[in-house]
Amino acid sequence: TMGNGPEEEQKKGRTVIPYLEAVEVKNSTESFSLVSYGSVSSFKTVTVSCEVQGKLTEGVSLKPGVKFKKGQLLFSIRDTEARLNLQSRKSTFINLIANILPDIKVDYNSEYDKWKGYLSSIELDKGLPALPNWKDDKEKVFLASRNILSEYYAIKSMEETLSKYAVYAPFSGMISEVYLTDYSVVNPGAQIMKIVETGNYEIPVPVPISRLSSISLGAEAKIYTTNGDYKGVGEVVRMSELVDKTTQSVNVYIRPSASDSITFVEGEYVQVKLTEKGEFTGIRIPHAALSENKVLIYKRDSTLSPQAVNVLDRNETGVFVDGLKDEQIVITQEVVAYSDTTKFGIVLK
């Protein structure tokens, strides 16, 4: 049985009829929101490693929580030895070019000025200029036979390696973890820090498989703190295809809308209300009005009759059901005991 209220009782020869709270059915349409929870995470999280060997020197302060701007020096490796080796190699290359000029003047006279100008353009403390274009295959073979090509590409490789001695921020963000301190001697592959991009977040939230079909890409999401304070809006940007075996749910990823007045923090736990697809017709009733997917209908003869309904949605304000007709009277409170003949009065809300 269902319900909440005493049966009729006799007191001093008169019948006392209990009154129940009720509502008249007026079906309307509603869109539903699915409530879930998740932690804010940076859309870009990067573990920064060192690609060369040497002593680590500070760029920004190597401490968790330190912020930086895009293009700012994060850290560098002392490059004195590498830079001197490169300059020595360039000096050898200059000597190679100088030594082939007499042969070029004799065998490739029309190309002499081109190579002489190239020799003059080389500076020890600047990047090696691109080689001039050779006139034909004969000139190319000549350059290769004098080790000009191999030495040029060896130097360009050293320049590329030298550029890795300084590491710059790929985006504006914050250091979340630090693995090595200043003046540590590092080897290639050593992890230095983990950085996260600030102002560009996403929120993964689990959605039950049974509700996944009602969520679509681009669906609006309202974001709240765990205390219920409104933080902002976002949208569904992608949906995982992997099912969590324990919870039978799938992660849906929310991208909060950018706003100067709304700030999110890496790791912050938030509540998300996802707007589901479609509109549904029915009525929202208190949780207490429903028992085993049935409600109590108040009939014209003042008795109660159970009626099955379809539950379409549940939230903090009540249960949204369909299967009821307009103008029916539904009891909105729990009734513990009643019979087919028990009469009640009602107070419409």
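The values are calculated or read from the model by the stated rules, or taken from the named source; none is laboratory data. Because the structure is predicted, anything quoted here is derived from the model rather than measured. Note that we place each Cβ from the backbone using ideal geometry, even for glycine, and neighbour counts take in every protein chain shown. Heavy atoms of the whole protein, side chains included, go into the accessibility calculation; ligands, DNA and RNA do not. Shrake-Rupley method; radii C 1.70, N 1.55, O 1.52, S 1.80 Å.
If I model a spin label at GLN53 and ALA308 as a point 7 Å from the Cα along the Cα→Cβ vector, what separation in nanometres do I get?
My value for the distance between the label points is 7.7 nm.
Which of the trypsin sites (Lys or Arg not before Pro) found in segment 186-283 are loop residues per DSSP with 15 or fewer other Cβ atoms within 10 Å of their Cβ?
Counting only loop positions with at most 15 other Cβ atoms within 10 Å, the trypsin sites (Lys or Arg not before Pro) in segment 186-283 are LYS245, LYS277.
In segment 218-244, whose amide N lies under 20 Å from the spot 7 Å out along Cα-to-Cβ of LYS277? List them in ranges.
Of the residues in segment 218-244, 218-222, 234-243 have backbone N under 20 Å from the label point off LYS277.
What does the C-alpha gyration tensor say about the overall shape of segment 123-263? Classify as rounded when a/c is under 1.5, otherwise prolate if a/b is larger than b/c, or oblate.
Judged from the Cα gyration tensor, segment 123-263 comes out prolate (a/c at least 1.5, a/b above b/c).
Using only Cα atoms, locate the centre of segment 182-246 and the centre of segment 42-67, then give the distance between them in Å, rounded to an integer.
Rounded to whole Å, the Cα centres lie 23 Å apart.
Label-point separation (nm) for ASP107 and ILE94, each offset 7 Å from Cα along Cα-to-Cβ?
Rounded to a tenth, the inter-label distance reads 2.5 nm.
Run the 1.4 Å probe and let me know the accessible area of LEU348, rounded to the nearest 10 Å².
About 100 Å², rounded to the nearest 10.
At 1.4 Å probe size, put ASP136, ASP79 in order of accessible surface, largest to smallest.
Largest accessible area first, the list is ASP136, ASP79.
Give me the extension gain from LYS138 to GLU159: residue separation times 0.36 nm, minus the current Cα-Cα distance, reported in nm with one decimal.
Additional length available on full extension: 4.7 nm.
Please identify the longest segment of the chain free of exposed chymotrypsin sites (Phe, Trp or Tyr not before Pro), where exposed means a DSSP state other than H, G, I, E or B and no more than 15 other Cβ atoms within 10 Å.
So the longest stretch without any such site is 184-349.
Could you check the spin-label model distance between LYS349 and LYS63? Points 7 Å from the Cα along Cα→Cβ, value in nm.
5.6 nm
How long are the three semi-axes of the equivalent ellipsoid for segment 260-349, computed from the Cα gyration tensor as the root of 5 times each eigenvalue, in whole Å, largest first?
37, 14, 11
Hey, of [x] 27.8; [y] 20.5; [z] 21.2, which did the structure itself give for Kirkwood radius over Cα pairs in Å when calculated?
[x]
Please compute, over every Cα-Cα pair in segment 195-250, the percentage with a separation greater than 17 angstrom.
Summing the P(r) of segment 195-250 above 17 Å gives 49 percent of all pairs.
Taking the Cα centre of segment 200-272 as the origin, how large is its charge dipole in debye, to the nearest 20, when only Lys and Arg (+1) and Asp and Glu (-1) carry charge on their Cβ atoms?
Roughly 240 debye for segment 200-272.
Solvent-accessible area per residue for segment 286-349 at a 1.4 Å probe radius, Å²?
56 Å²
What is the gain in length, in nm to one decimal, between SER291 and TYR269 on full extension, counting 0.36 nm per residue of separation less the C-alpha to C-alpha distance?
That pair, SER291 and TYR269, stretches by 4.6 nm at full extension.
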